[in-house]
């Protein structure tokens, strides 16, 4: 399996990376916190760590630490617009239920 | 499902703990709101994708309001209840508004700040601005998906305390916590300077719809300092539209127009102006109500020619600001262009020619201030990446000081001092037994109180009776990061204290500031002479006061002859003091001092005898005159 970016998400990430002027890719992860147990981490990556699991999707390098990977496997990162709001969305098949706002989730 | 933004490495926030912060450019003509999203500062658009919000508020009979484009389109139909350019009224009294005959509003002269009569009742400029800010807050909350931690709101660098306070009040009324007020040119410099990490002296040339501002900034080691500001509060892109409008009338040979036709042609003029930014010629065609058809072509050359004087007019304040900062063109490392009107090629060219370099224009000039404010807001909200913790210094637009004896101004914080700042100076009493001190806070560059703006007055009471000059009153001026002033006076031996937070009832208009600065430059020599005269007069009065008190107390120590001579000297000195010849005053003082020398010695002997006898000197009448100790602390 793998973690992928939608084409639209990749385009936005690439754009942000150019404007930011540095970084090698995107780091995804999960950590325990929030109202439903787990929360996503979505950050720019400046360095790759030795045990990172790497993917490449539409030209964007995605780095995931091995502990987070089982919770994210099969996820597609999408970019969406809801009214005036816009941003990234994790389409994660592992999620059983999420809190009302979706910022944290359970597997 | 919530939509996420990309964070800096290690900076992911916990769920439900996003620190949403925005930057707001609250403009005279248009306002914008921006935020930093996934590390990138972006302007937030409305539902129709429009980034600008016209700074127009229309009040309706049911108390509802329309803000922005809706209000703007109805402006012509309902001019009295449609408030445009409210920024010009912020923190202003009726007397501060110069051309109000030309405005459709019904003003009310409320104490402190004027009010506007609308169909929905009496409205203050603060309330009108709050409507604009509320609209931007709702837009930001809808765009960011949550309540805002706060906003950085930009103001012109020359905004005084009253105008800054009014802006803060408007934000509070709009339910918007203010993280900080930020000077507009500083925000523009942040938008450029930090992205490009360039240090040095920069000029910020801001030609908006109806106002022109020039600021000279210094960026060094992450610190911004405003060295000088200047401008013209009645010059902007609208004037260029008007020149084209006049050219159309003249070229097409049109008779006086109906209001409707004039509006159509003004719109065509603006469109032509914008078209010429990217094209060599602009077609102008319109069918008027009068049946006449306008079909003209405006070339870049003609446009440049008919607007040449306008462009030249912006260069005068530029030269003056440079002079104010003590710099020459060669010192300026970069020029930042702000405001939609700077898109015009002839403006770019003129600025480039003057500074002998291409101006920085790779950011959208309409958005650059909001973008800088958003970056600052992001930082203040604690969202910045490590190493981004730069300082930000703004300056005081006009010197702050207090009135001392004889209507002179003692400057405590000089113009262009960086804020936040606190400075103190020591003063003392003028008369024996004086138990109170009146502190009069003024703002301006001139030496005499009458030529400066009065900001506030308060009294320090309960000073224990002492001989003149013995009290030690420390007056502290503190200006916070938003440019608001707090003044404290404290008598050191007794510890009595009084203070005031300056929320001045009146502020200074941009024109007044410009005028006062001009005045101070022109009057430097006059003022120095005036000051010397005043100081001599004060010294004379002090001497007269002392001699009179001595004569009352110890007059019997003098022979009739001596007394007559002293009385004559007093008469001469009084006469000289009323005149404006400083030398005469000084000479008369010398005479009086010489003739009272023996008298003083005799009094001294007497008071020593009296001191040994354990008698007390009765308290003299107290007044509140403040004297200058001549020492800064």
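Things worth noting here:
- Cα-based shape type of segment A:4-97, given that a ≥ b ≥ c are square roots of the gyration tensor eigenvalues and the cut on a/c is 1.5: oblate
- With a cut-off of 14 Å on the backbone N, the residues of segment B:28-52 near the modelled label site 7 Å out from residue B:19 along Cα-Cβ are B:36.
- Cα long-axis angle, helix B:237-252 against chain B (0 to 90 degrees, to the nearest 10): 60
- Modelled label reach - residue B:607, point 7 Å along Cα→Cβ, segment B:529-559 residues with backbone N closer than 20 Å: B:539-559
- The mean number of Cβ atoms from other chains found within 10 Å of a Cβ in peptide A:83-93 is 5, as a whole number.
- Packing around the peptides B:72-79, B:440-447, B:49-56, taken as the average count of other Cβ atoms within 10 Å per residue, puts them in this order, highest first: B:440-447, B:49-56, B:72-79.
- Placing pseudo-labels 7 Å out from each Cα toward the beta carbon at residue B:600 and residue B:246 gives an inter-label distance of 6.8 nm.
- Label-to-label distance, residue B:568 versus residue B:357, with points set 7 angstrom from Cα along the beta-carbon direction: 7.2 nm.
- Theoretical gain in end-to-end length, residue B:234 to residue B:50 [0.36 nm per residue, Cα-Cα removed]: 63.6 nm
- If R0 is 45 Å, the Cβ-Cβ spacing of residue B:575 and residue B:80 corresponds to a FRET efficiency of close to 0.15.
- For chain B, averaging the sequence separation of C-alpha pairs within contact (under 8 Å, six or more residues apart) and dividing by the residue count gives a relative contact order of 13 percent.
- Taking the helices alone, the protein assembly as shown has a mean residue ellipticity at 222 nm of -10500 deg cm²/dmol, built from -39,500 (n - 2.57) per DSSP H run of at least 4 residues and averaged over all its residues.
- Cα long-axis angle, helix B:259-276 against chain B (0 to 90 degrees, to the nearest 10): 80
- In this calculation the C-beta distance from residue B:364 to residue B:255 is compared with R0 = 30 Å, giving a FRET efficiency of 0.15.
- Each label point was placed 7 Å from the Cα along the Cα-to-Cβ direction; for residue A:20 and residue B:531 their separation is 5.5 nm.
- Using C-alpha pairs below 8 Å separated by at least 6 residues, the relative contact order for segment B:234-349 is 25 percent.
- Compared with the dominant Cα axis of chain B, that is its longest principal axis, helix B:308-324 is turned about 40°.
- Per-pair calculated FRET efficiency, R0 = 60 Å: residue B:587 and residue B:94 via Cβ, rounded to 0.05: 0.75
- Residues of segment B:264-300 with amide N under 17 Å of a point placed 7 Å along Cα→Cβ from residue B:69: B:271
- Burial order of peptide ranges A:6-14, B:105-113, B:179-187 (average beta-carbon count within 10 Å, highest first): B:179-187, A:6-14, B:105-113
Each value in this text was obtained by applying a stated rule to the coordinates, not by laboratory testing. Being a predicted model, the structure only gives us computed values, none of them experimental. Cβ: placed from backbone, ideal geometry, glycine included. Neighbour counts: every protein chain shown.
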